[in-house]
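K.L.:
Following this message is one structure expressed as structure tokens.
The values are calculated or read from the model by the stated rules, or taken from the named source; none is laboratory data. No experiment lies behind these values; they were computed from the predicted model shown. Cβ sites come from the backbone with ideal geometry, for glycine too, and all protein chains shown count toward neighbours.
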Protein chains: 2
Amino acid sequence: MTIKTILGNNDFTEFLRGKKATFFLSLSNTKTANIAGITQAGIPGMIHLTPTLDAEFLCTGEVRSLKNIATTPKGVPTPGLITRAAHLLHPFSSLALLDLGLEVKPKIDYFPLYDFGIEPSGSIDTGANIDAMELFEKGVEFAEEYFCRSDYIILGESVPSGTTTALATSLALGYDTHDKFSSSFKNVPTDIKQHVVAQALSGCEGIDDLFEKLSRVSDNMLIFNAGLVLGLQKRKITTVLAGGTQMAALLLVINSILKHTEQSISGHNLALCTTKWVHEDPNSEIKKLLEMVDFPVNAYYADFDFSLTEHPALKLYDEGEAKEGVGAGGALMYACLNGITQEQITRKVESFLG
Amino acid sequence: MTIKTILGNNDFTEFLRGKKATFFLSLSNTKTANIAGITQAGIPGMIHLTPTLDAEFLCTGEVRSLKNIATTPKGVPTPGLITRAAHLLHPFSSLALLDLGLEVKPKIDYFPLYDFGIEPSGSIDTGANIDAMELFEKGVEFAEEYFCRSDYIILGESVPSGTTTALATSLALGYDTHDKFSSSFKNVPTDIKQHVVAQALSGCEGIDDLFEKLSRVSDNMLIFNAGLVLGLQKRKITTVLAGGTQMAALLLVINSILKHTEQSISGHNLALCTTKWVHEDPNSEIKKLLEMVDFPVNAYYADFDFSLTEHPALKLYDEGEAKEGVGAGGALMYACLNGITQEQITRKVESFLG
């Protein structure tokens, strides 16, 4: 297993070799996920539980708010298994959970679960109904106050239907991102998704203000983390965005906010790391999304797949049925930079499935 | 793979088992390396690039200032491959580069490249032309200010023709070290080397002052690191000198400076670790060099060879064509103390050669 470069060079990741990371998992519900057929990230009728279960499994190895590990209707287990495997094989120096509007709080003791008083956001087809400015500022404030005891931070997310809100967000901000976003599906439900996004954009017509747009078409994860990342960059705290096209959308939001406020960042202490499945996804183009960002972006993917397993549920990843989430790409990077092999990750993930 | 004791006992290394190290690579050019036939450490006509390429490869896995990995004329790849292999299998907590007078700076981002404003030193046959006192003090100062976040420091070097300057230095300081120094060659070019050393020593005739002698016959690595090591010892920062007879010469320089200034150190937080190839070298006697030091010295070698490979370029190590450098001995020790096997190191080094 190696780290491959999508944009930039490998100095950023090589410098992190052997260093310790804190893993932030940002958790959020948007009611967009309740639209039938829009996401595959969870159990039908209980999609809203996915971030809660991901948090529980990542931290404790148990799902407590439901009997089984969250799987898609086709039986694809959550990419959180990969993140958990990395954590078991070479533990993060700490795990922290960011509650960015959860329907159900994870049942976890000891682990910090940061509560910012954020409610789940609305469905974007009728309006997300977020106070984007306030949320953004909460992110900045958290970054300013956070005491980082590790060498760097890996920021992952679990937000069902987050690629739909990410697509709508980037389009509303004026980026030409049609056909560039990934999905939890192999056969992306384009009609439903496009309809929802079109509805969301129609709600933005005639609105010029950036934060007003975000309030209507975005999700809590993107807005809060834009503030968080900008705050961390100001303090030069090295941050890896662990995710695929949603994290690329986060960079686009940051890019727009920087332009809006006539500020700039070097991008020197910031990178994105995703999975090979996102990198090779024929339905999305993460590199093109990243090239729309005006500051230099280091971007990588972990060259990991399930070619070493015979487990049918895991083989579905290699067939494109799931690609990323719960910071799997960044967790694989962390494992790789600490000497963990593809074989070790594969065996560990298999052990969760029995 | 185990650690064998040359001098002292194994408590020092056992205490470091599982602990994290920062790896310092001290990089320097001396124009002595331009003398035809004096060193095998690099590509003829581009010997001066060796430390630059070693730094690039160690940090990034790429050689950027030249197309290929530095090899000797017989095709022996740099021992930096061993150090890089150790770093991949069990990463150092950080890598730091000390520019002690490089002709060409390595093309590396992110990694700290400490710049002390030091120029490459002159050829010792006509005079190294170093301000030894100033350089020594720069080393002390760096040690006083350095914030060490690891449990200990491993100090390696890449200085082409460094064994020649080390031999001249030790002789100039009055140690009887004839025939005790190693070389990058199997068949040491004794005539050329002895001629150069004799020339260097003749330039010291009639000079009593220690630092004045060092200014004429030594190299930047030995002088700066004497200050660095003494500064670190004063702060009780555990330090492993990763190298063979050059690092033994460093201990002799330290020994002379201590006598000169009527000071002493316990040697308790200091050790040397080299390779089996240096330990078994019939042309040098590292143990005898170390026994000339007045304070107690812990010294070890990593019991590693290339008996598990069939690769002809690596087999040359076992035939004595290359022995040490880029901290290979100390890196092997670090790997060994963290559970890495000879098999793992061998496979990883092979993977670099394709």
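K.L.:
Residues of the range A:269-281 being farther than 17 Å from A:Thr13 by Cβ and crowded, with 19+ Cβ neighbours inside 10 Å, which ones?
P.N.:
Within the range A:269-281, A:Trp277, A:Asp281 meet the criteria.
K.L.:
While we're on this one: From A:Tyr317, A:Tyr334, A:Tyr301, which residue is in contact with a helix residue (DSSP H, G or I) (Cβ under 8 Å, 6 or more places away or on another chain) and within 14 Å of chain B (Cβ to nearest Cβ)? First the steps, then the outcome.
P.N.:
Details: A:Tyr317 fails: within 14 Å of chain B (Cβ to nearest Cβ); A:Tyr301 fails: within 14 Å of chain B (Cβ to nearest Cβ).
On inspection, the qualifying residue turns out to be A:Tyr334.
K.L.:
Taking the stated definitions as given, is A:Gly75 in a loop (DSSP other than H, G, I, E, B) and surrounded by 16 or more Cβ atoms within 10 Å (Cβ to Cβ)?
P.N.:
Values: in a loop (DSSP other than H, G, I, E, B): yes; surrounded by 16 or more Cβ atoms within 10 Å (Cβ to Cβ): no.
Judged against the criteria, A:Gly75 is not a match.
K.L.:
Restricting attention to the range B:107-116, and to residues there that are of a type outside the set (A, V, I, L, M, F, W, C) and either in contact with a Gly (Cβ under 9 Å, 6 or more places away or on another chain) or within 11 Å of chain A (Cβ to nearest Cβ) (or both), which single residue is surrounded by the most Cβ atoms within 10 Å (Cβ to Cβ)? Spell out how you get there, then give the answer.
P.N.:
First, pick out the residues of the range B:107-116 that are of a type outside the set (A, V, I, L, M, F, W, C): B:107, B:109-110, B:112, B:114-115.
Remaining after also requiring either in contact with a Gly (Cβ under 9 Å, 6 or more places away or on another chain) or within 11 Å of chain A (Cβ to nearest Cβ) (or both): B:107, B:109-110, B:112.
On the way: B:Lys107: 15, B:Asp109: 16, B:Tyr110: 20, B:Pro112: 13.
My answer is B:Tyr110.
K.L.:
Which residues, counting only those in the range B:149-171, are assigned to a helix (DSSP H, G or I) and surrounded by fewer than 24 Cβ atoms within 10 Å (Cβ to Cβ)?
P.N.:
Across the range B:149-171, the qualifying residue is only B:Leu171.
K.L.:
Out of B:Ser256, B:Ser266, B:Ser284, report the one residue that is surrounded by fewer than 24 Cβ atoms within 10 Å (Cβ to Cβ), among the hydroxyl-bearing types (Ser, Thr, Tyr), out of contact with any Cys (no Cβ under 7 Å at 6 or more places or on another chain) and part of a loop (DSSP other than H, G, I, E, B). Explain how you work it out, then say what you get.
P.N.:
Details: B:Ser256 fails: part of a loop (DSSP other than H, G, I, E, B); B:Ser284 fails: surrounded by fewer than 24 Cβ atoms within 10 Å (Cβ to Cβ).
Within the list B:Ser256, B:Ser266, B:Ser284, the selection yields B:Ser266.
K.L.:
In the range A:23-40, what count of residues is obtained for those that are hydroxyl-bearing (Ser, Thr, Tyr) and closer than 15 Å to A:Thr52 by Cα? First the steps, then the outcome.
P.N.:
If we filter the range A:23-40 for residues that are hydroxyl-bearing (Ser, Thr, Tyr), which is where we start, we get A:26, A:28, A:30, A:32, A:39.
Then drop every residue that is not closer than 15 Å to A:Thr52 by Cα, which leaves A:26, A:28, A:30.
Final tally of qualifying residues: 3.
K.L.:
Here is a further query. Looking only at the range B:81-105, which residues are in contact (Cβ under 8 Å) with a residue 60 or more places away in the chain, within 11 Å of chain A (Cβ to nearest Cβ) and part of a loop (DSSP other than H, G, I, E, B)?
P.N.:
Of everything in the range B:81-105, those that are in contact (Cβ under 8 Å) with a residue 60 or more places away in the chain, within 11 Å of chain A (Cβ to nearest Cβ) and part of a loop (DSSP other than H, G, I, E, B) turn out to be B:His90, B:Phe92, B:Ser93.
K.L.:
Can you pull out the residues in the range A:1-35 that are of a type in the set (Val, Ile, Thr), more than 30 Å from A:Asn129 (Cβ to Cβ) and more than 13 Å from chain B (Cβ to nearest Cβ)?
P.N.:
A:Ile6, A:Thr22
K.L.:
Within the range B:46-61, is even one residue outside any helix (DSSP H, G or I) and modelled with pLDDT of 90 or more?
P.N.:
Yes, the conditions are met somewhere in the range B:46-61.
K.L.:
Ok, one more. If B:Leu332 satisfies every condition in (1) over 22 Å from B:Arg347 (Cα atoms); (2) in contact with a strand residue (DSSP E or B) (Cβ under 8 Å, 6 or more places away or on another chain); (3) crowded, with 22+ Cβ neighbours inside 10 Å but one, which is the exception?
P.N.:
Failing condition for B:Leu332: (1).
K.L.:
Residues A:Ala132, A:Ala96, A:Ala85: which one is over 19 Å from A:Ala166 (Cβ atoms), crowded, with 22+ Cβ neighbours inside 10 Å and not aromatic (Phe, Trp, Tyr)? Don't jump to the end; show me each part of the working.
P.N.:
Values: A:Ala132 fails: over 19 Å from A:Ala166 (Cβ atoms); A:Ala96 fails: crowded, with 22+ Cβ neighbours inside 10 Å.
Result: A:Ala85 is the single residue among A:Ala132, A:Ala96, A:Ala85 that is over 19 Å from A:Ala166 (Cβ atoms), crowded, with 22+ Cβ neighbours inside 10 Å and not aromatic (Phe, Trp, Tyr).
K.L.:
Which ones in the range B:36-69 are touching a Ser or Thr at 6+ places or on another chain (Cβ under 8 Å) and within 14 Å of another protein chain (Cβ to nearest Cβ)?
P.N.:
Correct list: B:Ala55, B:Glu56, B:Phe57, B:Leu58.
K.L.:
Looking at the range B:32-39, can you tell me whether even one residue there is touching a Lys or Arg at 6+ places or on another chain (Cβ under 7 Å), under 26 Å from B:Ser123 (Cβ atoms) and not in a helix (DSSP H, G or I)? Can you show your working first?
P.N.:
In the first step, residues of the range B:32-39 are kept if they are touching a Lys or Arg at 6+ places or on another chain (Cβ under 7 Å); the result is B:38.
Narrowing further to those that are under 26 Å from B:Ser123 (Cβ atoms): B:38.
Applying the additional criterion that residues be not in a helix (DSSP H, G or I) yields B:38.
Within the range B:32-39, one or more residues are touching a Lys or Arg at 6+ places or on another chain (Cβ under 7 Å), under 26 Å from B:Ser123 (Cβ atoms) and not in a helix (DSSP H, G or I).
K.L.:
Going by what's in this entry, would B:Thr5 be described as part of a strand (DSSP E or B), touching a residue at least 40 places away in the same chain (Cβ under 8 Å) and under 20 Å from the mean Cα position of the chain (by Cα)?
P.N.:
Details: part of a strand (DSSP E or B): yes; touching a residue at least 40 places away in the same chain (Cβ under 8 Å): yes; under 20 Å from the mean Cα position of the chain (by Cα): yes.
Judged against the criteria, B:Thr5 is a match.
K.L.:
Among the residues of the range A:321-354, write down those that are more than 20 Å from A:Gly243 (Cα to Cα) and assigned to a helix (DSSP H, G or I).
P.N.:
A:Glu343, A:Gln344, A:Arg347, A:Lys348, A:Glu350, A:Ser351, A:Phe352, A:Leu353
K.L.:
Going residue by residue through the range B:305-321, is there one that turns out to be surrounded by 18 or more Cβ atoms within 10 Å (Cβ to Cβ), touching a His at 6+ places or on another chain (Cβ under 6 Å) and touching a residue at least 12 places away in the same chain (Cβ under 8 Å)?
P.N.:
no
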